[in-house]
Every structure is written in structure tokens, then in C-alpha cells.
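Quick note: the coordinates plus some simple rules give every number you see, no bench work behind them. Note that the coordinates shown come from a computational prediction; the quantities given were computed from them, not determined experimentally. Here Cβ is always computed from backbone atoms with ideal geometry, including for glycine, and neighbour counts include all displayed protein chains.
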Amino acid sequence: MGNQPRLDVSGRPVALRDIDLERFFRPKSVAVIGASDTSARPNTAMWRKIRDWGEAWGATVHPVNPNRDTIDGVPSFDSVADVPGDLDLAVILVGQAVEAFEAVLEKKPAFAVIFAAGFAEVGPEGEELQARLEGLVAEGDTHLLGPNTNLNAFEVYPEGNPGRALALITQSGHQGRPIFQAQDLGLNMSHWAPTGNEVDLEFADFARYFADLPDVGVIAAYVEGFKNGRSFMLAADHAARQGKPLVIVKVGRTDEGRSMAKSHTGHLTGSDAVVSAAFRQFGVIRVDGLDELQDTSMMLARAAPPRGPGPSGRSERKPGVCIYAISGGTGAHMADMAAAAGLRLPDLTPATQKKLHQWIPTYLRVSNPVDNGGAPSADERGPKILDAIINDPNVDLVICPITGALASMSLPLARDLVAAQQKTHKPICVIWGSPTSDGEAYTEVLLKSNLPVFRTFSNCVGAVKAYFDYHEFLGRYRSPFEKPVLRRSAVAGGVDALLATPGAMSEWRSKEVLTAYGIPVTRDTLVTSSAEAARAAAKTGFPVVLKASSPDLLHKSDLGLVRVGLSSAGEVKRAYGELMDTVAEKAPRAQVEGVIVSEMVEGGVECVVGVSQDDLFGPTIMFGLGGIFVEVLHDVTFRVPPFDRAEAGRMIREVQGFPLLAGARGRAKADLGALVDVILKVQRLALDHAGSLAELDINPLVVRTKGAVALDALVVAR
């Protein structure tokens, strides 16, 4: 369907497909196949829902049912072919959905929806049925939503809720229901795309469309698995370039979650660590609960972007948060949670503190948190206190927890907060902490305002951190798809022969691959006799390392096939004989190329750089520190190509062991520039050979004060 996409060197698209989803959400002509007006039938309720939705947008909605002349007084057609004129949307409610879709294709509507389940989510038989559906979509001119979806795309939204709108994408209609219901709490919502099994229309299509809508402020999603890793990346990139945050609940963190996700929608969920890394790479905000999804999305939709450095002119400082409370205990609790999350709580300036003590007793703290003691909230002092806090140059955002204990304090405080927000671009976040939700301050003042309003401390802290993190990301983001890599590098052809034979390569052959891409390796010589080994060692310079080289011996140290610190020709000759004897004893069938005589590298920080093939994203780059950090602590991180030098630097800084590279406790600082160079060269190798490189493991890569060198390597060809 449509033109062939432009592909990069790895064979993946570099642009999203262009689909006019306006015709889906605002159609002029709609056909409902299986419409009914029989009492208590599900199709009756669904028909009426679609009819009311279509009429709200001025669409003509046609029922299709050969057993009725009219449905709810509307003329019914025997088949979709009988519907007059062009058709924008066909909604299929009948059980024989594939057959109905075949009939729909002859009418050539722009879009169709299949409500029915029973496809890939139920097992092999359903997968076969879904494959048939995919074939029909590929051959036709109609884009399909579903199957195994619901009708939440056809909701009518109330007007008047404050803030920019939230657009919702879910792969489970039930999981979107709490977000939809949050409109009762003032959440402004404009669209809902329940994508189901994503035979055709997928997350990326809707994310792109929503990102381009001027009234949409944030895109929220519940995702069980992405249909395609590259299309997700392109959609996230598009949203970032439009300045539209993506907030996502992504299930599949655990084996149990991944199993359920596959059974429910038939998606491949991909490695969760890689998904999380891709989220960080493209500024996607990941949350765990639907309540967090609601609150974080609301925060990003309502709060204006930060305006850069304040009057202090400190452009490099972290944003400052001020806690303002009517209770010292509440303020302390809030401050503790905020600081633990990494938010900065700076002291207010001495001038501001002096001003605050005009209205707040001197025995109460006003540095940050600010405790007003309660009484000033109920009189003319309240607005003055808020003005002073907001105007402090160290403050970029205010959090005000309200316990709701006394209406005499809560109501005027709520009103003052709403009024204060009208005078500043700095966000004011309010937490209604009372267990009751019928107070006037909450229902009539806060919920009807444009303030970000929360019910829990933790959700407020998480949303504020997401707000600052997202806008920091946005300020530095550069799209990796602006200049895609379309051609293989000049050295790629020389490596093709090395990767032509499937399976693992020896260390010697693996290092040849690295050398072709300019990745520094140790000075090595491959020898086949003890005399050659002694001559090579003398030429290299003592001390040296000896290692057996074989594609069948991947864990040489475990088998005792490495000798280090050899300082004389005699030691080298003896070590050579011992290595060959060990191979004969422990791996008699191994194909041995010989023994590598290698320079002895000392000092530096041992790291690991690798390539794996992710089911969802394809070539994926891994980085971590060596030794216990990777073997026991699994302290590694990932990035999905393409990414630039700055992103590689952020990748390095993510691992817990980074202080060892940065010179912790008097250690010499490692050459981070050289490490970044290696990561980028590994990325290029992975892109050039996406179809033939299965795995790459450089372990260890020693990063020294100047330069980096690969001590060992393993390449596995597909």
C-alpha cells in the first residue's frame, strides 16, 4: 500500500508513512456493518454510539444490515457496496470480520475498523487468520484499525476542561478507561486511539497525527508491545521535534508481563532494557501506573515550558523547587520526597526570607520549605507570601500540599494559588491531600483551574521530575534522522568476507573486523610453534600474554587457555606447550588457528562494548564496565542506532560505575573521547552489517588516560 519507504544502510525506514488520519477521526461518510436496533443486543449500543459520534462531527452514518429496512429510522443497506458515494470509514461489527472486510475493500473506503477478537492474541489458528487479514490490507487501498479493538475512537468529549488536550493511545481499551474518566476531574481530552492488534494502523501512525495537532499538549499511551521498533523511534522523534511529550505505560518489565502481553495482543515486546533505553534516547517518559499516566500527562499539558535561566543568570543550574505549606510536618515530608527524587530545593534569597518574615512568624522556617503556620493563608497575607515566593530568582516551580483539614484555610489558599498562577509562567503544583474529595476548595476551585492538581505526594514529585527532565531533553535534542546513514562505509566490503560464514569467529578474526573499522586493538601476532612465539614476544616486548585462538574456544580464561605476564623467551615457549596440551585435553575437537602473542596492557578501566540483535529494534549497542560490574551487577546500558556523539556520551554516564571513568577517589580520568569514538565505530559496524552481524563483544576494552584498546573480542556472524 503506497510508495516504498526510503531506507537507511541497515534496511530500515528513515521516515514515517503519511496517512491522513483526519478522515478517520472527522469522516464525512461512515458505514456500520452489523448495525442493529434490537433491544439488549451489543451491536445496538455500538451502532448508536457511532451514529451519535458521527452526527456530532456532521458525518452521515449509514447502517448496513440485510435483515432490516431501517435501523432507528435510518435507511439500512443490504451491503456496504450499496452505500451511496465515497466512504471515509467502515466499522465492522459482525463476527465474520475477515469476510466482511473483503467486501469493504471493494468499496475502497479510506479506513475500516474491525471490532472482533480471535486473531493473533489467541494462538496459532488466530495468527493464521490475522496473516490473511494482513495480506488483504497489503493488497487493498483501505487502512485498518484493529482487529481486537473497541469503539473508544468514537467518543464525544466535553468542552470546557482547562489546559491543552491529552490524546490517548492504548492497546487495551479497558486500560484507557481510567484516563477517559479523569475528564470528570478536569482533564482535557481530545482523542483516543485503541489500536488493538495493529495489523495495519499502529502506535506510530497515531502518535505522529496527534503530535501535529495544535490543540494537543501531550500524548499518553498504554502499550503492550510496539509493532515495529523503528516506527516507534520515528514517531518519538517526530513528537520531540514538535515539542509534544510522550508519556507511556509500557508493560513487559517482567517475564510474566511479557507473556501476558503476547497472549493479549500478539506483539513482540522486545527486551525491556532496550525499550527503556530507546525511551531515554527519545525523551519518552515512562511511568508504571495509570494514575501516574494521568497525573504526569496532566502536568505536562498544563504547565508552561520553563523560560530558561532566571534573573540570576545561572544557565547551568538545575531548576529550583520551593515547597510551600501550612504545616511544618507536611512541608518536611514533601521536601524529603522531592529531594530523594533528585529535585533541587534551593534556599530562597535572604531578601525573600526577610520579606516573608513580615507576614510569617520569625520562629517558622521560610528558607525552603516555607511554613506559614496556617493562619496567614486565611487573610490578606496569603497572596503576598505567594508573590514573594514566585518572584524569588532561585524558584522555578512551587509545590503546595494542602491537607484539607480546615476549609477556613484551604479555600482561601486554593483561591490564592489560582490567582497567583495568572501572574507567573512558573508552574504552581497543588496536592489535595485530604481523604475527602467533596470540599469546595477541591471541587469548585482547584479542579476548575488550570493548575496541575494531584492527590498524592509521590505522583506530584514524579510528574515534576518528568516535567523538568523532558524540557531539559527538549533543549538539547537533535534528531538522528535529519541526516540518515544511507550508504555503507568504504571499509564495509572488506569485512563482508569475514562475516560470510555463520557462527563465532576466533579472537584473531574478530580483531580483524575491529581493525577494519579503526577500533584500536592490542599488538598481536598469530603463531603456530613455540619458536615463533618466542620470536614474536621478543619483537613485541616483554611482558606478553599468550592465548589460544579458535572459533570453538570462546571462553578461553575458563578453560585455562590464557597466560599473562610472561617475561622471557623460556616462559613463552613453556606457556605455548602448556596451552596446546590443555587444548588437546579439554577441547580435542576444537579447530585451533594457533596461539596469539599479545602485548601486556596494564592500567586503565576495563569496559565492555557490544552489539546484539533485538527482536524489535534490530542492531543494538551495549556499554558497561567490565569485571564485577557486568558479570554480577549487570551494570550495562543500551542505545539503538542511529545516535550521535552526544548521545554516546550520555550512554556512558548512565552506568553506575561511571565514577571510575571520571576519576573517582584520586584515580586518573579515563579518555572518554576515545571511548565515545569506539562506541560510534561499533555503531557504524553494526549498521553496515545489520543483516550479517549477529553479535559483537569487545571485552575487555581498556580505556586509559589517553586512548582505548580492545584486549579481546568476539564476533558472531548470522
Counting sequence-distant residues (5 or more places) and residues on other chains, those with an amide H built under 5 Å from that of H143 are F111, A112
Computed over the chain: longest principal axis from alpha-carbon atoms vs helix 272-281 long axis, angle to nearest 10 degrees, is 70 degrees
With a Förster distance of 22 angstrom and the Cβ-Cβ distance between A587 and T501, calculated FRET efficiency to the nearest 0.05 equals 0.65
Sorted on mean Cβ neighbours within 10 Å (highest first), peptides 167-174, 319-326 come out as 319-326, 167-174
Any aspartates and glutamates whose Cα falls less than 17 Å from that of K318, other than same-chain ones fewer than 8 residues away, would be D347, D392, D396, D469, E472
In terms of the charge dipole of the range 605-717, which places +1 on Lys and Arg and -1 on Asp and Glu at the beta carbon, the residue among F643, A662, A708 farthest towards the positive end is A662
Of the listed pairs K511/K547; K244/K465; K28/K244; K547/K586; K354/K426; K250/K465, those with alpha carbons more than 25 Å apart are K28/K244
With the dipole of the chain defined by +1 on each Lys or Arg Cβ and -1 on each Asp or Glu Cβ, the option from N65, S692, A674 whose Cα lies farthest towards the positive pole is A674
In debye to the nearest 20, the charge dipole size for the range 22-145, taken about the Cα centre with +1 at each Lys and Arg Cβ and -1 at each Asp and Glu Cβ, equals 500 debye
Given 663-675, 352-364, the highest-first ranking by average Cβ count within 10 Å works out to 352-364, 663-675
In debye to the nearest 20, the charge dipole size for the range 605-717, taken about the Cα centre with +1 at each Lys and Arg Cβ and -1 at each Asp and Glu Cβ, equals 640 debye
Taking Cα atoms only, helix 457-476 is inclined relative to the longest principal axis of the chain by an angle, in degrees rounded to 10, of 60 degrees
Counting sequence-distant residues (5 or more places) and residues on other chains, those with an amide H built under 5 Å from that of I169 are A193, A220, A221, Y222
Burial-style ranking of 45-56, 234-245, average other-beta-carbon count within 10 Å with highest first, yields 234-245, 45-56
Karplus ³J(HN,Hα) for the range 627-636 (6.51 cos²θ - 1.76 cosθ + 1.60, θ = phi - 60°; Hz, whole; x = Gly/Pro) runs x, 4, 4, 8, 6, 10, 8, 6, 7, 10
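Considering only DSSP beta bridges whose two residues both sit in the chain, what percent are antiparallel, to the nearest 5?
45 percent
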Long-range amide H partners of G663, meaning residues 5 or more apart or on another chain whose placed amide H is closer than 5 Å, are A670
Taking the chain and counting helices only, DSSP H stretches of n ≥ 4 at -39,500 (n - 2.57) each over all residues, the nearest-500 ellipticity at 222 nm comes to -11000 deg cm²/dmol
Over all viewing directions the Cα convex hull of the range 156-302 casts an average projected area in nm² of 7.8 nm²
For the range 605-717, the Cα convex hull volume per residue in Å³ comes to 94 Å³
The ³J(HN,Hα) series, computed from each phi in the range 231-243 with the Karplus coefficients 6.51, -1.76 and 1.60 at θ = phi - 60°, rounded to the nearest Hz and given as x for glycine or proline, is 5, 4, 4, 5, 5, 5, 5, 5, 4, 5, 5, 8, x
For the K28, Q242 Cβ pair and Förster radius 41 Å, calculated FRET efficiency rounded to 0.05 is 0.95
Residues F25, F203 in order from fewest to most other beta-carbon atoms within 10 Å are F25, F203
Straight-line reach check, K107, cutoff 16 Å on alpha carbons, 8 or more apart in-chain or any other chain, hits among aspartates and glutamates -> D78, D82, D86, D88, E99, E139, D141
Square roots of five times the C-alpha gyration tensor eigenvalues of the range 523-599, ordered largest first and given in whole Å, equal 20, 11, 11
If N is the residue count of the range 427-468, its Cα Rg over 2.2 N^0.38 Å rounds to 1.17
Compactness summary of the range 22-145: radius of gyration and Dmax from Cα atoms, Å, are 14.2, 43
For the chain, the charge dipole (Cβ of Lys, Arg +1; Cβ of Asp, Glu -1; about the Cα centre) points to a positive end, and the Cα of I179, I628, F24 closest to that extreme belongs to I628
For A419 and R6, extending 7 Å from Cα along the Cα-Cβ vector and measuring point to point gives, in nm, a value of 5.6 nm
Sequence order, the range 91-102: Karplus ³J(HN,Hα) from phi using 6.51 cos²θ - 1.76 cosθ + 1.60, θ = phi - 60°, Hz rounded, Gly and Pro as x, gives 10, 9, 9, 7, x, 7, 5, 5, 4, 5, 5, 4
Projected area averaged over all directions for the convex hull of the alpha carbon atoms of the range 357-474, nm², comes out at 7.6 nm²
Length-normalised contact order of the chain, Cα under 8 Å, at least 6 apart, in percent, tallies to 9 percent
With +1 on the Cβ of every Lys and Arg and -1 on the Cβ of every Asp and Glu, the dipole magnitude of the chain about its Cα centre, in debye rounded to the nearest 20, is 2780 debye
